[in-house]
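The values are calculated or read from the model by the stated rules, or taken from the named source; none is laboratory data. As the structure is a computational prediction, the values presented were derived from the model and not from experiment. Glycine also receives a Cβ, built like all others from the backbone with ideal geometry; neighbour counts cover every protein chain displayed. To get the accessible areas, we keep the full protein, side chains included, count just its heavy atoms, and leave off ligands, DNA and RNA. Shrake-Rupley method; radii C 1.70, N 1.55, O 1.52, S 1.80 Å.
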Amino acid sequence: MLLLRALRYRDARKAQERAFSINREGIIGGSAGIKRCLNLVGQAARSDTNVLITGETGTGKELFAFAIHNNSPRHKMNFVVVDCTALPETLVESMLFGHEKGAFTGADKPHEGLIAQADGGTLFLDEVGELPLTLQKSFLRVLQERRFRPVGGKREIESDFRLIAATNRHLDEMAHGGKFRQDLLYRIKSLVIGLPPLRERKSDIMELAMRFMIGFCDHHKMATKGFSPEFIESLTRYRWPGNVRELENTMKSILTTTRNDPILFPEHLPMNIRVEVIRDSVRMEGHASGKPKADECPSGILGDFKRFREKALVEMEREYLRNLMSSTGWNIKEACRISGLSQSRLYALLKKHEVSRIP
């Protein structure tokens, strides 16, 4: 009888989970790691428990935090992002708790803090490991009581917020070393979602690259492009230390310089990525055979030597011009003096390489 009840309960839970459809806006990929994280997003969205999202820089921690908020009963209220790395130590309390008029020099009017703005919604502490140690005790009380006093205030204010925190640091190690409060860590890690780095979800790379390409081409009214097999191979071989954010920026950079090319090849990749792919391939070949094979690399990575050299020269010219104009503060006369170029030639090169004051 007990086994029958357990089986019925399990089946009911599975049916309930299937019925709960996740709005995964902006989250791309169907790898096992992403599916596991989305399952946890669904669980978190159905409760008000505190959530800690961990992962390397560029893995999409804010996207997953917003997905929890967007799928929760609080989705119609504010999703307030607090970038703990950008909180100035002298104003951090005022920014979080708010302040009354005259609380300090320059406080010429009352200010509503970020915690108050999250009332009824979600407070997202991005890179919570950077929260000043001096403020952690005060925030722990707010987290426990959902009450706080603005700077210079005489009464406490209530805020019914849901907390989601994120970090790329090892908070357990920080707590052990006295750099993060252990009691606060216990509070914020009721549910932990660990996002996998892009190198551990290689099956998602092509879909991500395609989405970024289509989005960029649609935005700039360009024809979409094809990917050669060698281009896809290079994308999946690279380790992407900057994760999804690096892949997105790389695709934007490639598409900016290949407007008239219908198909992308490995030679269109930035030089540093091509070099790293070759090095990684040599290392793998060396491990497999017991000795390095410096004369082997993935097919098509380097491409035709003439085009490789031309592209390298173009990249070097563009970088030189950017540094030249930046160092001279866009003083054309000074730039001509340093470079030895005539004004007409300098203007022509700036136009050719699309170097302008506006990045």
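Side notes on the structure shown:
- Most to least packed among 169-182, 194-207 [average Cβ atoms within 10 Å]: 194-207, 169-182
- The packing ranking, built from the mean of other Cβ atoms within 10 Å per residue, places the peptides 224-234, 150-160 in the order 224-234, 150-160, highest first.
- Solvent-accessible heavy-atom area per residue, rounded to whole Å², over segment 221-275 at 1.4 Å: 47 Å²
- Solvent-accessible area, 1.4 Å probe, carbon plus sulfur percent, for segment 178-254: 51 percent
- The translational diffusion coefficient of segment 125-230, from Stokes-Einstein at 25 °C and 0.890 mPa s with a Kirkwood hydrodynamic radius over alpha carbon pairs, comes to 138 µm²/s.
- Using the Cβ-Cβ distance between S253 and E156 with R0 = 51 Å, the FRET efficiency computed as 1/(1 + (r/R0)^6) comes to roughly 0.55.
- Per residue, the accessible area of segment 80-197 comes to 50 Å², computed with a 1.4 Å probe over protein heavy atoms only.
- Heavy-atom accessible surface of segment 28-137: percent carbon and sulfur, 1.4 Å: 53 percent
- With a cut-off of 14 Å on the backbone N, the residues of segment 168-205 near the modelled label site 7 Å out from R239 along Cα-Cβ are 197-200.
- Annotation for Y320 and K202: the two label points, set 7 Å from Cα along the Cα-Cβ direction, are 3.9 nm apart.
- Over every Cα atom in segment 310-359, the radius of gyration and the widest Cα-Cα span, Dmax, amount to 10.2, 28 Å.
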